[in-house]
1. Subtracting the Cα-Cα distance from 0.36 nm times the residue separation, let me have the gained length for Ser189 to Asn154 in nm, one decimal.
2. Starting from the Cα-Cα distance between Ser46 and Gln128, subtract it from 0.36 nm times their residue separation and give me the gain in nm to one decimal.
3. Could you give the size of the charge dipole of the chain about its Cα centre, using +1 on the Cβ of each K and R and -1 on the Cβ of each D and E, expressed in debye and rounded to the nearest 20?
4. P(r) of the chain in 10 Å steps, Cα pairs, percent per bin?
Amino acid sequence: MVTEKYIHVGEHELLYLGRINDLAVHSHLTWTLCFALDTNFQYSSSVESLTTKQPILIPPNLKHKIEAKGSFMVFIFFEKYSTYVNCDWNKKNVILQDWNVLNDLKFELFNLLYSKNKANHKIGHLLQNLQIPIQRKKNIDLRISKVLKLIALNDLEKESSLKELANSVSLSESRLSHLFKQEMGLPISSYKIWMKIKKLSISLKKNKNLTFAAQESGFFDSSHLNRVFKSYFGINPKNIFTNSIIHWI
């Protein structure tokens, strides 16, 4: 059955909206805000289990699973230093009690589902101005900022090694690894995978097929993509990107 899905690719975030059944045990590369637009979903991790449709903030590297039973689910994957989210990177997970900060976004997503004009929306603007009032973020270390820019500029033929990145900011490899994880909440290797997934989304947005987009984004082949994607999202990428009408919003 062909289903409709909605994907937004921003500078520091990805948004997914669509019907979801069950997601296998997985852990995210980034902080993730998820909530249901209609019925409750079940979330379980080593920290807690709950049934809700309230928004939940899930930290990176926390293994969990979601049972949604066909609910319309929204997932917003955002980098620690995204321009619009203030959060405590060290929390286990947070149930967002104040729905008010999401009211406009939720209303716009409902409109998308039932509107014939899928291009007429304010999703990007609302995400850029979304403020989740949990804790102020600090400024990123300038050396890590430089490393992030170098990783973003890497092309597939020349991916900077840890040694090259460390030399660029006059740090040892071990010191850079420690500082990067301290600042970003995940290892450099995991951040590189996150960037590949963003590149994959951009390639698919340009109407590339999944196999070509995977290779263009730095995955060895479809099997490599399937393995990585399922470990971080709990689902095979074909279940998202094939037999679906994708609205790039």
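What follows is calculated from the coordinates using simple rules that are stated; it is not laboratory data. Predicted model, so just to flag it, every value in this text is computed and none were measured. Here Cβ is always computed from backbone atoms with ideal geometry, including for glycine, and neighbour counts include all displayed protein chains.
1. Length gained between Ser189 and Asn154: 11.2 nm.
2. Length gained between Ser46 and Gln128: 26.3 nm.
3. 140
4. 7, 30, 37, 21, 4, 0
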